[in-house]
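Notes to accompany the following structure.
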Amino acid sequence: MSTRTADRLVRDLESICGERNVFWREEDTLVFEYDAGFDRRPPLAVAVPKNTDEIARCVRAARDAGVAVVPRGAGTGLSGGTIACGDAVVISTARLRTIHEIDAVSRVAVVDPGVPNLEVSAAARPHGLFFAPDPASQRVSTIGGNIGTNAGGPHALRYGSMVDHVLAVEMVLPDGEVAVFGGVAPDLPGYDCVPLIVGSEGTLGIVTKAWLRLLPLPEDVRTFLAEFPDVRSGARAASAIIARGIVPAAMEMLDRTTIRAVNAAFDVHLSEDAGSMLLVEVEGLREETGSATSAIVALCEDEGARGVRVAETQAERELLWKARKLGYPALARIKPNSYIHDAVVPRSKLPDVLDSVNAIADRYGYTVANMFHIGDGNLHPLLLFDLREDTIEGVMEASAEILKVAIESGGALSGEHGIGLEKNHFMFWVYGPEDLEAMQRARSAFDPDGAMNPGKIFPGGDTCAAIPTERIKRGLAEGMWI
Amino acid sequence: MSFAPLTFDVEPARGCIHCGVCLESCPTYLLTGLETESPRGRIHLMQQVAAGRVAPTDTLRTHLDRCLACRACEAVCPSGVGYGALIENARAAFEEAHVVPRSRLAGLLRRMLLALVADPARLEGAAGILALYERTGLRHLLRATGLRSRMPKALRRMEALYPPLTRPRYRAPARPAHATARVALLLGCVMRVAYGDVHTAAARVLSRLGVEVVDVPDQICCGALHAHAGERHDATRLAKRNIEAFERAKVDAIVVDAAGCGAHLKGYGHLLAGDPQWAARAETFTSKVRDVTEYLASREGNERLGKLALRVTYQSPCHLAHAQRITQEPRALLRRVEGLELIEMAEAEVCCGSAGSYNLQQPELADELRDRKVDAILATGAEAVVSANPGCMLQVRSGLEERGRDIPVLHLVEVLDRAMS
Ligand SMILES: Cc1cc2nc3c(=O)[nH]c(=O)nc-3n(C[C@H](O)[C@H](O)[C@H](O)COP(=O)(O)OP(=O)(O)OC[C@H]3O[C@@H](n4cnc5c(N)ncnc54)[C@H](O)[C@@H]3O)c2cc1C
Ligand code: SF4
Ligand code: SF4
């Protein structure tokens, strides 16, 4: 693109958002080159508008200049969804942070896209309500980003992920028009586009307002931690619990490496000679939680649990969850770099898949840590490494092998982190050309020119080829599939 | 583009995985929502500038200058990123390279201030003059006649925030009859001339609990202001003088009632780690440093600490909460005062905007943070604000004054002292 076009676009954006809310200098755009994943590329410019109208005008300005747009929330995404591929303008929702309404009667929250997830629950709490999706990043990650990735979280086991909790959205379309999809009344006439938009990773438009479902706070919550000699016994217990028909609110597994890391990061004092732990939470009426707890504890003991630590106070409960939820960054205490995976596998295959993952890590010489949503088979094996000694190519190759094992076991590419730039080229491992073609048409209905977050989700394109990690992954995706 | 790269140690940032967990704890991110004003953004910029990928421009420097060095990000970072050390390394490198000139007046004021605090005699002199300014009513006159509004902005800010100089000086208490421990009190620089009575309160509380407070005559300014400003050479010199002075006193603990100083004293080990002659001595020194609330709370017994009917809210100083990770001890001590009611304010752990000379350098952000803090305080309906750091006390005080609210701001040891007498 010519510098003249770029300069003009920047000036247009500045006249919409004000000079201090537009960034184009190298040292400014640099901090928008990352999310929490591995792909890096600075955008052409960044605009931080303050309301729907400004967002719409920014989108129109970019469109007039022929420049693509990338929506950005807090940038905690793990799959490069908010990384600008070609010359694109990042539009950040960071200044749209108002909670417009908590309707306690209809149990609906109306919020801006830049509101951090946890703030919704905090605002709902005085009304005896809460917002169920709880990604581990919830203190920081935004509702817009959560919608973008269809975020889950430990409690997705009982409550489902974002798609089950978004009632309606207001969205700026790729042509700069504003439309509302869905509604708070049940059973709306016409197509329900909300489930298509949730999880579309910013490729259909920029969500500028969301109507979210709130749920009543459970009467009772019990949280406990069962210690096992190894990962297999913990996994067996988890299967036995589900097989018995008990659905805990959340059930998370932590392996020994993770336990060491969270002990180093927080004052939780978990027992370091345990081979694995299950963190279980049950919610409901008091009599239900009591009986569910004893049933779960008994099943854990049958599978060899050595001890059960019950959170006695709210503070202890929060501490255990903090350790689990921030376990992933805590692992940097063991090795400075890590690659977190997100495959989903059928629960029955879990122990075998875990063995294969360990074997792959061993072969490549990486430490592996496991800390994941065992209740729904959403694995997060982490490869731990040190870029001073290890190459990113090796890590990505091992990662592709892990993906392959998961898919061969009948699993899926991603449980909750999204496809983005990270796994787009692997999409044809799970979908045929017709499937992808149909998906592409749905996208084109919103974005015929492909100007909204191009290069994401779909395999094979060249838009992101300037990003080195992207090229490596494409090579692997295309080379390894037989 | 060609530029001289800025070399400094970015090792403390190695564990940063860009997870963003720290964002919502950062005061400047809370205010602006901008990645450029976030810990993750600053860490990335420091890494890239040290790697020579980007030039150390004015713009880049501004993002680093807007950092309060409150270390809230460090306290929540699960990966153990040493943000405090990192920003100090970067600031020292910028300072040495003189890459970006500041406004002349701000630079001059800053140099004067740093020289002043490190020299007890000159500080006394300056304090005397300022006290005169206060006592003679000149301050009131300037304000009343509107002359103050004609002063240069930086001077006006300094004027509004200069420490009180009419408070009584430190008076050592009598030695307790049956001393069970022996400690020294850091008197510091500004604290010594401006908050002597807080020292007196601390010493009296200690002494009532059977702790002997010994005099350490040769102690000097801790050097925190110098280190934060990137003046590492001066900081090291002051550290060595203090280590020598306190070694001679042979005490069990070095008790500090200014959180900023305490945090810095606890970093002497790190500051001198590379100096074989001093490393071990600095470590020993560091191992003895305790914030006064930390020290009091660690003493055996859980008896009531006097009686005082007062509804208070606690303002958690960054250098205590984040740099020293002390959040529960002060609250626990307050709860041991009979009749005292503690009401938590919202965002108690967010910086009040004081942060050394931040007021002067980033007036806009400092004011926004101050106002946010004052709102949180007023919402509690407390009759007094309790803090544990003189810088915060000044900032909160000036914020309340600005709103015309006459709510006293007390140091925690003052509350204990009143309750116990
Ligand atoms: C420590 C840690 C723990 C995590 N735990 C979980 C977890 O438990 N569960 C989970 O699901 N994820 C988890 N994640 C991943 C990440 O937090 C989620 O993907 C989250 O939803 C991203 O939100 P964000 O605001 O950071 O969005 P970003 O990273 O900024 O963007 C994510 C995607 O959404 C799009 N987007 C952002 N805003 C909008 C908008 N307004 N309209 C349209 N599209 C938009 C972007 O274009 C991008 O494609 C974790 C990440 C970290 C670092
Ligand atoms: S400093 Fe820590 S919390 Fe912040 S982004 Fe880096 S690793 Fe995450
Ligand atoms: S030290 Fe404070 S102001 Fe600076 S980046 Fe960390 S949290 Fe933000």
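For the residues of B:57-68, the average number of beta carbons from a partner chain within 10 Å of their own beta carbon is 2. For chain A, the Cys residues with no second cysteine's beta carbon closer than 4.7 Å are A:17, A:58, A:193, A:300.
Peptide A:331-339 shows a mean partner chain C-beta count of 4 within 10 Å per residue C-beta.
Counting only aspartates and glutamates at least 8 places from residue A:335 when in the same chain, those with an alpha carbon closer than 14 Å to its own are A:386, A:389, A:390, B:11. Short to long, the 10 Å bins of the Cα pair-distance histogram for chain A hold 4, 20, 29, 26, 16, 4, 1, 0 percent of all pairs. Largest to smallest in accessible area, the residues B:3, A:446 fall in the order B:3, A:446 (1.4 Å probe, all protein chains included). Compute the Cα gyration tensor for region A:220-331, then decide on rounded, prolate or oblate, letting a ≥ b ≥ c be the square roots of its eigenvalues: rounded whenever a/c is under 1.5, prolate when a/b is larger than b/c in the other cases, and oblate in all that remain. The shape class here is oblate.
Sorting A:429, A:481 by accessible area puts them as A:481, A:429; the probe is 1.4 Å, largest comes first, and only protein heavy atoms count. Of the trypsin sites (Lys or Arg not before Pro) found in region B:1-91, those in coil by DSSP whose Cβ has at most 14 other Cβ atoms within 10 Å are B:53. Plugging the Kirkwood radius over Cα pairs into Stokes-Einstein for the protein assembly as shown, at a temperature of 37 °C and a viscosity of 0.692 mPa s, what D comes out in µm²/s? My calculation gives 111 µm²/s for D. Of the residues A:281, A:170, B:244, the one with the largest accessible area comes first in the ranking B:244, A:170, A:281, computed with a 1.4 Å probe on protein heavy atoms.
Straight-line cross-link partners of residue A:50 among the lysines, defined as a Cα under 21 Å from its Cα and at least 8 positions apart when in the same chain: A:209. Can you tell me which lysines have their Cα less than 19 Å from the Cα of residue A:349? Leave out same-chain residues fewer than eight positions away. List returned: A:404.
As an exercise, identify the chymotrypsin sites (Phe, Trp or Tyr not before Pro) in region A:179-231 lying in DSSP coil whose Cβ has no more than 11 other Cβ atoms within 10 Å.
Numbers: sites: A:181, A:191, A:211, A:224; in loops: A:191.
Listed in order of number, the matching sites are A:191.
In the context of the full protein assembly, residue B:285 retains an accessible surface of approximately 10 Å², using a probe radius of 1.4 Å and ignoring ligands and nucleic acids. Partner shielding of A:23-29 amounts to 6, given as the average count of beta-carbon atoms from other chains within 10 Å of each residue beta-carbon.
Given the C-alpha centroids of region A:409-428 and region B:264-302, what is the distance between them in whole angstrom? When both Cα centres are located, 50 Å separates them. Have a look at B:327, B:180, B:62 and tell me which one the Gaussian network model of chain B (Cα, springs below 10 Å) gives the largest fluctuation. For chain B, modelled as a Gaussian network with Cα springs under 10 Å, the answer is B:180. Of the trypsin sites (Lys or Arg not before Pro) in region A:362-430, the ones in a loop by DSSP (not H, G, I, E or B) with at most 14 other beta carbons within 10 Å are A:388. Rolled with a 1.4 Å probe across the full set of protein chains, the surface gives residue B:189 an accessible area near 20 Å². Every helix of 4 or more DSSP H residues in the protein assembly as shown counts as -39500 (n - 2.57), and over all residues that averages to -12500 deg cm²/dmol at 222 nm. Between residue A:100 and A:110, A:111, A:112, the built amide H atoms are under 5 Å apart, and every one of these is 5 or more places off in sequence or on another chain.
The values are calculated or read from the model by the stated rules, or taken from the named source; none is laboratory data. This is a predicted model, so every value here is computed, not measured. Note: ideal-geometry Cβ built from the backbone for every residue, glycine included; neighbour counts use all protein chains shown. Keep in mind that these areas ignore ligands, DNA and RNA; they rest on the heavy atoms of the full protein, side chains included. Shrake-Rupley method; radii C 1.70, N 1.55, O 1.52, S 1.80 Å.
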